[in-house]
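The values are calculated or read from the model by the stated rules, or taken from the named source; none is laboratory data. Note that this is a predicted model, so its numbers are computed, not measured. All Cβ positions, glycine included, derive from the backbone under ideal geometry; neighbour counts span all protein chains shown.
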Amino acid sequence: MKTISRFLTPAVIVCAVFLAGVPTIQPVSAQTPAPTAAADPAKSVCENSRTINVTGSAAINIAPDRALIQLGVQSNGVTVDGVQFDNDRAIQNVLAAVKNQGVDPVDISTDIYVIEPMYEDYDSLFIKGYRIDNTVSITVRDVPKTSAILAAALKAGSNRVSDVSFYTSDLRKYRDQARDLAMTAAREKADALAAAAGAKTGCVMNINENSWTYFSSPWNSSYRNSSQMTQNVIQNAMPSGDSSSGTGDEEPLSPGKIAVKAEVSVTFTLQ
């Protein structure tokens, strides 16, 4: 027995040394599992297998604070020099009358200046005279004076009025307001439809936006009732302190209202 134990002792020592150098191998099941997409609560909320698409519209009607008049003088003559002389004299009289109404010269600019020959007839190359079309754009900052400026220009010799339009210098501000109202309308509609179906709205998946403006007055009535044709519209959101519909009754030219509209199409997820 002593002999056997003498041989076993070195063997045990050798085995112990060998096993100490072997790295420890952990079972696969003991490793911590990596997080999966399903464990992320944000991704589960934004699951896009069920969605709802809605539109929201809003219109803000505001009184314009700017007017743009495009008018001028059209002159005919037998010679180029003659028609230029007549046109220059007439347009200078018009500009002087406009400036006398308080319009700053920086708000007056040439819009169109064209000189062209007039032929005997359509197929003829014989030139019987010349025509000049000289049109200027006038920015009116005092909107109630628009009709007075227009009348003064016509009295001074203007024989061509191309357009009279009204706009606002704060268009960006009102477009932002209309866009916010349109998004509110879209959210409310989506919530109502989802609730009717026994669901709730979740994340916003997609947004498409359209914005535009139009002028509504007796001069331009083609879009007067178009805002009533849109679905889910928030209408007549007036700027604070502005309850007027234009200028006073004494003013023959009523600027009416400018409608600043926004429309959004939004896709929400359903929970």
### Message
So the check is Cβ under 8 Å with 6+ separation or different chains; which pairs have a first residue in region 194-213 that's within 17 Å of residue 181 (Cβ to Cβ) and a second one that's modelled with pLDDT under 90 and not in a strand (DSSP E or B)?
### Response
213/171
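Just to check your reading of the model, which residue among 145, 128 is loosely packed, with under 15 Cβ neighbours inside 10 Å and not small (Gly, Ala, Ser)?
Values: 145 fails: loosely packed, with under 15 Cβ neighbours inside 10 Å.
Of 145, 128, the one residue that is loosely packed, with under 15 Cβ neighbours inside 10 Å and not small (Gly, Ala, Ser) is 128.
Can you tell me which residue among 236, 220, 232 is loosely packed, with under 13 Cβ neighbours inside 10 Å and either assigned by TED's automatic domain parsing to the domain that holds residue 259 or at pLDDT below 55 (or both)?
On the way: 220 fails: loosely packed, with under 13 Cβ neighbours inside 10 Å; 232 fails: loosely packed, with under 13 Cβ neighbours inside 10 Å.
Within the list 236, 220, 232, the selection yields 236.
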### Query
Out of the residues in region 149-179 that are free of Cβ contacts under 8 Å to residues at least 24 places away in the same chain and under 26 Å from the mean Cα position of the chain (by Cα), which is surrounded by the fewest Cβ atoms within 10 Å (Cβ to Cβ)?
172
#### Entry: Hits in region 105-124 (condition: in contact (Cβ under 8 Å) with a residue 24 or more places away in the chain and of a type in the set (D, E, K, R))
107, 111
### Query
How about region 188-207: which of its residues are under 15 Å from residue 47 (Cβ atoms) and assigned to a helix (DSSP H, G or I)?
194
#### Entry: Those residues of region 109-143 which are over 25 Å from residue 81 (Cβ atoms) and within 27 Å of the chain's Cα centre (by Cα), in sequence order
109, 137, 138, 139, 140, 141, 142, 143
### Task
For region 93-105, indicate whether the set of residues that are touching a Gly at 6+ places or on another chain (Cβ under 7 Å) and more than 17 Å from residue 139 (Cβ to Cβ) is non-empty.
yes
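Please determine, by comparing only the residues of region 157-206 that are of a type in the set (A, V, I, L, M) and within 30 Å of residue 94 (Cα to Cα), which one is modelled with the lowest pLDDT.
Per the stated criteria, the residue is 164.
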### Query
Right, residue 146: more than 30 Å from residue 47 (Cα to Cα), hydroxyl-bearing (Ser, Thr, Tyr), under 30 Å from the mean Cα position of the chain (by Cα) and not in a strand (DSSP E or B) or not?
yes
## Note on the structure
Condition set more than 42 Å from the chain's Cα centre (by Cα) and among the acidic types (Asp, Glu), scope region 61-96, selection surrounded by the fewest Cβ atoms within 10 Å (Cβ to Cβ): answer is 81
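Would you mind stating whether residue 214 is assigned to a strand (DSSP E or B), within 30 Å of residue 149 (Cβ to Cβ) and either among the polar types (S, T, N, Q) or modelled with pLDDT under 70 (or both)?
Numbers: assigned to a strand (DSSP E or B): yes; within 30 Å of residue 149 (Cβ to Cβ): yes; either among the polar types (S, T, N, Q) or modelled with pLDDT under 70 (or both): yes.
Here the answer is yes, as residue 214 does meet what is asked.
Inspect all residues belonging to region 106-113 and state whether any of them is farther than 30 Å from residue 171 by Cβ and of a type in the set (D, E, K, R). Reasoning before the result, please.
We begin by selecting, within region 106-113, every residue farther than 30 Å from residue 171 by Cβ; these are none.
No, region 106-113 has no match at all.
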